[in-house]
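Chemist: Sharing a structure below in structure tokens format, with a few things to ask.
The values are calculated or read from the model by the stated rules, or taken from the named source; none is laboratory data. Because the structure is a prediction, the values reported are computed rather than measured. Cβ sites come from the backbone with ideal geometry, for glycine too, and all protein chains shown count toward neighbours.
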Amino acid sequence: MRIFKDWRDIPPDARGATVALGNFDGVHLGHASVIRAAHAARPDAPLAVLTFEPHPREVFRPDDPPFRLTLSAERADALAALGVDILYELPFNHEFSLMSADDFVDLVLNRGLGARHLVSGQDFAFGHRRGGSTGFLAGRAEALGMGLTLVPPVTDGQGPVSSTRIRRALQDGYPERATADLGRPWAIRGIVSHGDKRGRTIGFPTANVPLGRHLEPARGVYAVTIRLADGSVHDGVANIGRRPTVNEGPESRLEVNIFDFSGDIYGTDITVALNAYIRAEIKFSGLDALKAQIAADAAEARRLHSR
């Protein structure tokens with residue numbers, strides 16, 4: 001998949017695509033439906049996605065807690081896995097936010113990308129102060145000779161699948177629900193950093209990964225699957241939280257114990273997928289109690305993985 005960070009000076013062979021529009025945070029089953037509809041609309045055209053980085057909410061509400069399900073690299077990988085040929089990941093800043101809906105359609109989609117067909121969800125809104133609706137998009141697309149497909153939401157007994165619903169499931173401690181809506185386990189990807197190495201002293205060395213701009217799920221212990229930089233996949237157990245027994249502080253962190261592994265992975269990129277929530281984070285009376293509980297958590301994670 002080719003990635004372009006600007007809508008100007010797009011090479012000829014990256015123009016004329018069917019373009020799916022949206023933020024695509026999480027790249028969940030609803031997003032996959034939009035992408036399938038884009039391919040079905042014009043299977044002869046390149047399949048492209050237009051999205052924004054950072055997410056507009058991060059620009060308009062910078063003091064909000066991190067909420068992203070997928071950061072840029074993770075989102076790109078998920079889109080590529082769905083068969084997307086081209087990703088237009090446009091920088092979203094204050095200047096871009098002032099662009100009118102009409103200019104977005106004419107200058108970006110029509111002149112910039114030469115889009116042949118547009119596809120979006122039924123609630124897509126765009127342009128300055130979200131002034132462009134799908135109704136507006138339909139009229140302008142027709143006038144400019146672009147096709148348009150509006151895709152209904154994917155729904156189940158609980159309602160529409162959405163990024164908001166997935167965030168809520170993770171924050172409530174139900175990663176299995178997030179997996180069902182995403183079509184894959186939700187994962188945190190980051191660089192392994194040096195911690196205080198306390199885990200080594202109690203027999204459970206951990207890889208520490210900052211949460212960064214990722215959503216913080218329910219604090220506690222999870223059965224996880226870890227993909228290392230070399231592509232190998234391992235089972236493990238992880239804690240997400242502030243470690244109240246040994247280091248109660250303001251920042252949460254992800255600490256991962258990789259089962260039956262002893263390599264040096266400091267400074268490498270790893271992906272940690274949450275499979276099941278084992279227990280909430282609690283404060284223990286001391287290191288002996290903590291060590292005993294970690295052993296029990298690891299045993300429970302192994303049991304869950306064996307199923």
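Chemist: Consider segment 227-242. How many of its residues are closer than 23 Å to Ser163 by Cα and surrounded by fewer than 24 Cβ atoms within 10 Å (Cβ to Cβ)?
Modeler: Kept after step one, since they are closer than 23 Å to Ser163 by Cα, are these residues of segment 227-242: 240-241.
Among the residues that remain, those that are also surrounded by fewer than 24 Cβ atoms within 10 Å (Cβ to Cβ) are: 241.
Within segment 227-242, residues that are closer than 23 Å to Ser163 by Cα and surrounded by fewer than 24 Cβ atoms within 10 Å (Cβ to Cβ) number 1.
Chemist: With the condition kept exactly as written, say whether any residue in segment 129-136 is modelled with pLDDT of 95 or more and hydrophobic (A, V, I, L, M, F, W, C). Show your work before the answer.
Modeler: Narrowing segment 129-136 to residues modelled with pLDDT of 95 or more: 132-136.
Then drop every residue that is not hydrophobic (A, V, I, L, M, F, W, C), which leaves 136.
Yes: one or more hits.
Chemist: Looking at this structure, is Phe52 in a strand (DSSP E or B), among the hydrophobic types (A, V, I, L, M, F, W, C) and closer than 25 Å to Ala273 by Cα?
Modeler: Numbers: in a strand (DSSP E or B): yes; among the hydrophobic types (A, V, I, L, M, F, W, C): yes; closer than 25 Å to Ala273 by Cα: yes.
Yes; evaluated as a whole, the condition is true for this residue.
Chemist: Regarding segment 130-140, can at least one residue be identified that is crowded, with 17+ Cβ neighbours inside 10 Å and in contact with a Leu (Cβ under 7 Å, 6 or more places away or on another chain)? Give the derivation first.
Modeler: Initially, segment 130-140 is screened for residues crowded, with 17+ Cβ neighbours inside 10 Å, giving 132, 134, 137, 140.
Within this subset, residues satisfying the condition of being in contact with a Leu (Cβ under 7 Å, 6 or more places away or on another chain) are 134, 137.
Yes, because at least one residue in segment 130-140 is crowded, with 17+ Cβ neighbours inside 10 Å and in contact with a Leu (Cβ under 7 Å, 6 or more places away or on another chain).
Chemist: Which numbered condition in (1) surrounded by 15 or more Cβ atoms within 10 Å (Cβ to Cβ); (2) in contact with a Leu (Cβ under 9 Å, 6 or more places away or on another chain) is the only one that Leu144 fails?
Modeler: Leu144 satisfies all of (1) surrounded by 15 or more Cβ atoms within 10 Å (Cβ to Cβ); (2) in contact with a Leu (Cβ under 9 Å, 6 or more places away or on another chain) except (1).
Chemist: For Asp25, which of the numbered conditions (1) more than 24 Å from Leu211 (Cα to Cα); (2) in contact with a strand residue (DSSP E or B) (Cβ under 7 Å, 6 or more places away or on another chain); (3) in a loop (DSSP other than H, G, I, E, B) fails to hold?
Modeler: (1)
Chemist: Spot the failing condition for His214; the list is (1) more than 28 Å from Asn23 (Cβ to Cβ); (2) under 15 Å from the mean Cα position of the chain (by Cα), and only one is missed.
Modeler: (1)
Chemist: Looking at Ala40, Ala48, can you tell me which residue is at pLDDT 95 or above, out of contact with any helix residue (DSSP H, G or I) (no Cβ under 9 Å at 6 or more places or on another chain) and among the aliphatic types (A, V, I, L, M)? Outline the logic, then answer.
Modeler: Numbers: Ala48 fails: out of contact with any helix residue (DSSP H, G or I) (no Cβ under 9 Å at 6 or more places or on another chain).
Residue meeting the stated conditions: Ala40.
This table checks each residue for (1) of a type in the set (Val, Ile, Thr); (2) at pLDDT below 95.
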| site | (1), (2) |
| --- | --- |
| Pro160 | no, no |
| Ile166 | yes, no |
| Gly173 | no, no |
| Glu176 | no, no |
| Thr179 | yes, no |
| Pro185 | no, no |
| Gly195 | no, yes |
| Tyr222 | no, no |
| Ile226 | yes, no |
